[in-house]
Structures are given as C-alpha cells and as structure tokens.
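Here the structure is laid out as structure tokens; the discussion comes afterwards.
The values are calculated or read from the model by the stated rules, or taken from the named source; none is laboratory data. Note that the coordinates shown come from a computational prediction; the quantities given were computed from them, not determined experimentally. Every residue, glycine as well, gets a Cβ built from its backbone with ideal geometry; the counts of neighbours run over all protein chains shown.
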Amino acid sequence: MTAVGAQGAKHFLDNPNKRVTLLGMSGVGKSTLAKRLPSDSWFHYSGDYRIGTHYLEEAILDNINAQCMEVPFVRELLRTDSIYIRSNLTIDNLAPLSTYLGKLGDPTHGGLPLPEFRHRQALHHDAEVKALHDVPKFIEKAARLYDLPHFLIDAGGSLCELSDPSVMQCLAAHSVILYIRTTESDENELVKRAQLSPKPLYYRPDFLISHLQTYMADCNYQYVAEIHPDDFVRWVFPQLFASRLPRYEQIAEEYGVSVTTTELHGVRDERDFVQLVADAIDRREC
C-alpha cells in the first residue's frame, strides 16, 4: 500500500490536491462520475483518450485510410491529396480506438485474422502501459497550465489485465485507487448490455487462446475465419468479466479502496464524491 497507507481519510479531505484513479469494468459509471465533477477544478485524464490520440493515433489513421483505399473514388482523392482523413476521437466517443482494436473472426463481417488481432492487442497493451505512466506528467501539467488542483484518472476496464506491475505502482504513488465493485444486479446488467451490443475488447493473451480454442471446439470450427465476430464476443464476455473480478479485487486489496456501484450511483456532486472516497479510506483503515 502506498498512497492510501500514507494518507488517511482526514488527510484526503484536507488535501488541497485530490487525486483519484477510478478502477472497474467499462460501464460501471466512471465516465458518468467524471461529468459530475466541476471542470474548473478537476482534470479528467482518460487513459483510453490518451491511447487513441497519442500512442495509437497513427495506427488508427492508417487503418481508416486502408479501408478508404478500397473505394476507388475515395482512393484517387486520397492519393492526390485532394482530401485527408482525421479521427474525431473524444473522451465521450472512443469509437475510432475500439474500431481499430477490432473483433476476431470472419472478415466478411468485419472480423480480423488471428495474427492481426493479436498484433493490435499487443499494441493496445503497450500503449495503455505508456498512457498510464504519463499520469505524473499530466498531474503537473494540469496544475501548471490549467490551474486545476484535483486530478481524476479514468482507467480503462482492461487495466487489471496489464502484465506490467509498474503501472499500478505508479498510479498508487500518485493517487488514491478507487475500485468500483459491481453489485450482482449491475453485473447482470453489464453482461446483458455487452451481449446486446458486442464491442471490441482487450484480452490477456493466455485467456484469448484458451477460450478461443474452447469456442472453436464447441462450434466445430476449423478456422478463425468461420467465427462471427459478434457471436464470439457475446460468448466470451461473461467469462472475461468473471476472470477480471478477482484481478480487480487483488489490486484493491494491495493498492486501494473499494466502493460499490450502488454507492457510486448515489454521488450527485463533488462533495458527495470526496466524501465517498474518504469513507472508503475509513473502512480500509478499520
């Protein structure tokens, strides 16, 4: 324990520079919470935004350009520099990043072959590690350039999958790590939502290969190209969710504090949020 152990609840409440990392599955309410904090005092650092606008920006644009080159009319305009393509990725719209990450399976349904899929997964992993190591630099920049005293780190849902322990050590040294634990009803809702609208996901390499083999055997597939990308995501998401929960718990136990999604849903404003974190630290200290 670093940041939490060094500062109790009173210290956190009195601290003029509050820094909190939100940890949990995508969809638990991290982005919604960020919008409830005043932008004139809180800097919202999104790891996914940093990945998409900096570390994977070129790869995202190359992928978009490659797709556009398949259309003869657009290809000629691009080759003559008559038009250009740019990504309009924002904190609230990460579609360019998720589209690049892609889904595994049948190319006629937008799927990627396994080698390319694994390549993009590896790039995303490395980009996420770098983006989260950028946090100290942005804490300093938020204070110096924007005069913002407080800092909120919106970590992606795949944070618990990273193989580099230095990431958590860095975040714990510079912030209170707040794990948002899902209630059973919220877990069911997240799974339901993911199956209704399957989205690209990051998988640990060993998890991907193991579950891919099981899925292909169950479906009697010989080739990855036979897989419908959405069907695989629907099938694997509940198992991915279950595999991440103990990883989140371990991070919270070692580095941070925990609240439930029910507690988070009760946060209406900055005051509620600060008290929520302080109460979580109090519980940890007891």
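Just a few scattered comments:
- Of all residues in segment 276-286, those being loosely packed, with under 14 Cβ neighbours inside 10 Å and more than 13 Å from His11 (Cβ to Cβ) number 2.
- Qualifying residue in segment 28-37 (condition: in contact with a Pro (Cβ under 8 Å, 6 or more places away or on another chain) and either loosely packed, with under 14 Cβ neighbours inside 10 Å or not in a strand (DSSP E or B) (or both)): no
- Pair list, Cβ under 9 Å, 6 or more apart: segment 29-42 residue more than 15 Å from Gly157 (Cβ to Cβ) and free of Cβ contacts under 8 Å to residues at least 40 places away in the same chain, other residue charged (D, E, K, R) and exposed (fewer than 12 other Cβ atoms within 10 Å of the Cβ): Lys35/Asp92
- Subset of segment 225-263 that is touching a strand residue (DSSP E or B) at 6+ places or on another chain (Cβ under 8 Å), part of a helix (DSSP H, G or I) and not β-branched (Val, Ile, Thr) - its residue that is surrounded by the fewest Cβ atoms within 10 Å (Cβ to Cβ): Glu249
- Complete set of residues in segment 123-157 that are of a type in the set (Gly, Ala, Ser), modelled with pLDDT of 95 or more and under 15 Å from the mean Cα position of the chain (by Cα): Ala127, Ala131
- Condition met for Ile139 (within 15 Å of Arg19 (Cβ to Cβ), out of contact with any Gly (no Cβ under 8 Å at 6 or more places or on another chain) and β-branched (Val, Ile, Thr)): yes
- Test set (1) touching a residue at least 24 places away in the same chain (Cβ under 8 Å); (2) over 22 Å from the mean Cα position of the chain (by Cα); (3) surrounded by fewer than 20 Cβ atoms within 10 Å (Cβ to Cβ) - Asp81 fails condition number: (1)
- Within segment 153-164, residues that are in contact (Cβ under 8 Å) with a residue 12 or more places away in the chain sit with their Cβ atoms under 8 Å from residues that are of a type in the set (Asp, Glu) and outside any loop (DSSP other than H, G, I, E, B), at 6+ positions apart or across chains, in these pairs: Asp154/Asp48; Gly156/Asp48; Gly156/Glu128; Ser158/Glu128; Leu159/Glu128; Leu162/Glu128.
- Every listed requirement among (1) under 30 Å from Pro149 (Cβ atoms); (2) among the hydroxyl-bearing types (Ser, Thr, Tyr); (3) at pLDDT 95 or above is met by Thr108 save one, (1).
- Index of the failed condition, Asp134 passing every other in (1) within 23 Å of Lys30 (Cα to Cα); (2) crowded, with 22+ Cβ neighbours inside 10 Å: (2)
- Scanning segment 113-171 for residues that are of a type in the set (Phe, Trp, Tyr) and under 21 Å from Ser39 (Cα atoms) gives Phe138, Tyr146, Phe151.
- Arg268 being touching a residue at least 12 places away in the same chain (Cβ under 8 Å), assigned to a loop (DSSP other than H, G, I, E, B) and exposed (fewer than 14 other Cβ atoms within 10 Å of the Cβ): yes
- Residues that are modelled with pLDDT of 95 or more, over 24 Å from Ala95 (Cα atoms) and either part of a loop (DSSP other than H, G, I, E, B) or among the small types (Gly, Ala, Ser) (or both), drawn from segment 181-224: Ser210, Ala217, Asn220, Tyr221, Gln222, Tyr223
- Single match in Ile177, Ile91, Ile139, Ile153 (criterion: part of a loop (DSSP other than H, G, I, E, B) and β-branched (Val, Ile, Thr)): Ile91
- Residue count, segment 2-58 (criterion: modelled with pLDDT of 95 or more, closer than 20 Å to Asn88 by Cα and under 12 Å from the mean Cα position of the chain (by Cα)): 8
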